[in-house]
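> Pasting a structure here, questions to come.
The values are calculated or read from the model by the stated rules, or taken from the named source; none is laboratory data. Please read these numbers as outputs of a predicted model, since none were measured by experiment. Cβ: placed from backbone, ideal geometry, glycine included. Neighbour counts: every protein chain shown.
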């Protein structure tokens, strides 16, 4: 009986310590990125379609993020994706589509996923998206995973964001969709 009680205490202690580490990691990311200046650099994007017979699409480009509400991804093929305040512009093949983020909730959700990931404000994103959040340290990175509590036909079924553990700079983001499609962004 004593042995069982000791094992139970050890498991509960490890579980509690893991929860504290997750909170500490999230607080460190938030505090570090709250003071961070604009981010610029090259990125690589891999879009994996849901259909297994289709090949992934690989794209590269230049990214600019300015706190709090500006993100621009200028692709090497001429396409562009921009969030600027309450406006999102997606330009493919020279055809721009403009979205008002105060009226289009799906695009607003996408913009928050991207902006909050760069700002390190993932607890707020988890609250908005009604998602569970977990943060762990792996191989020199902080890996934060958000999983929505309810299944939805659109949007995000899982978000994984990796930050450099030393600087908290965003390194990678994986956005899985309920359809089975997935998009992976990585910073060079």
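> So is residue 124 without any contact (Cβ under 8 Å) to a residue 24 or more places away in the chain, at negative phi and in contact with a helix residue (DSSP H, G or I) (Cβ under 9 Å, 6 or more places away or on another chain) or not? Walk me through it before giving the result.
Details: without any contact (Cβ under 8 Å) to a residue 24 or more places away in the chain: yes; at negative phi: yes; in contact with a helix residue (DSSP H, G or I) (Cβ under 9 Å, 6 or more places away or on another chain): yes.
Here the answer is yes, as residue 124 does meet what is asked.
> Among the residues that make up the stretch 28-40, is at least one of them surrounded by 12 or more Cβ atoms within 10 Å (Cβ to Cβ), in a helix (DSSP H, G or I), at pLDDT below 95 and touching a strand residue (DSSP E or B) at 6+ places or on another chain (Cβ under 9 Å)?
Among the residues of the stretch 28-40, at least one is surrounded by 12 or more Cβ atoms within 10 Å (Cβ to Cβ), in a helix (DSSP H, G or I), at pLDDT below 95 and touching a strand residue (DSSP E or B) at 6+ places or on another chain (Cβ under 9 Å), which makes the answer yes.
> Then there's this: Does the stretch 78-86 include one or more residues that are at pLDDT below 95 and touching a strand residue (DSSP E or B) at 6+ places or on another chain (Cβ under 7 Å)?
no
> State which residue is modelled with the lowest pLDDT when the search covers only the stretch 156-168 and only residues that are assigned to a loop (DSSP other than H, G, I, E, B) and crowded, with 17+ Cβ neighbours inside 10 Å.
Restricting attention to the stretch 156-168, the residues satisfying the condition of being assigned to a loop (DSSP other than H, G, I, E, B) are 156-157, 165-168.
Remaining after also requiring crowded, with 17+ Cβ neighbours inside 10 Å: 156-157, 165, 168.
Values: 156: 87, 157: 92, 165: 96, 168: 95.
Looking at the filtered set, the residue picked out is 156.
> Name the residue, out of 135, 126, that is more than 10 Å from the chain's Cα centre (by Cα), crowded, with 20+ Cβ neighbours inside 10 Å and in a helix (DSSP H, G or I).
Numbers: 135 fails: in a helix (DSSP H, G or I).
Residue meeting the stated conditions: 126.
> For the stretch 58-115, how many residues meet the condition of being assigned to a loop (DSSP other than H, G, I, E, B) and under 20 Å from residue 186 (Cβ atoms)? I'd like the intermediate steps shown before the answer.
Let us first name the residues in the stretch 58-115 that are assigned to a loop (DSSP other than H, G, I, E, B), namely 67-69, 76-79, 85-86, 93-94, 101-104.
Still in the running and under 20 Å from residue 186 (Cβ atoms): 76-77, 79.
Summing the residues that are assigned to a loop (DSSP other than H, G, I, E, B) and under 20 Å from residue 186 (Cβ atoms) in the stretch 58-115 gives 3.
> I would also like to ask the following. How many residues does the stretch 55-68 contain that are more than 27 Å from residue 180 (Cα to Cα) and out of contact with any strand residue (DSSP E or B) (no Cβ under 7 Å at 6 or more places or on another chain)?
Of the residues in that region, 3 qualify.
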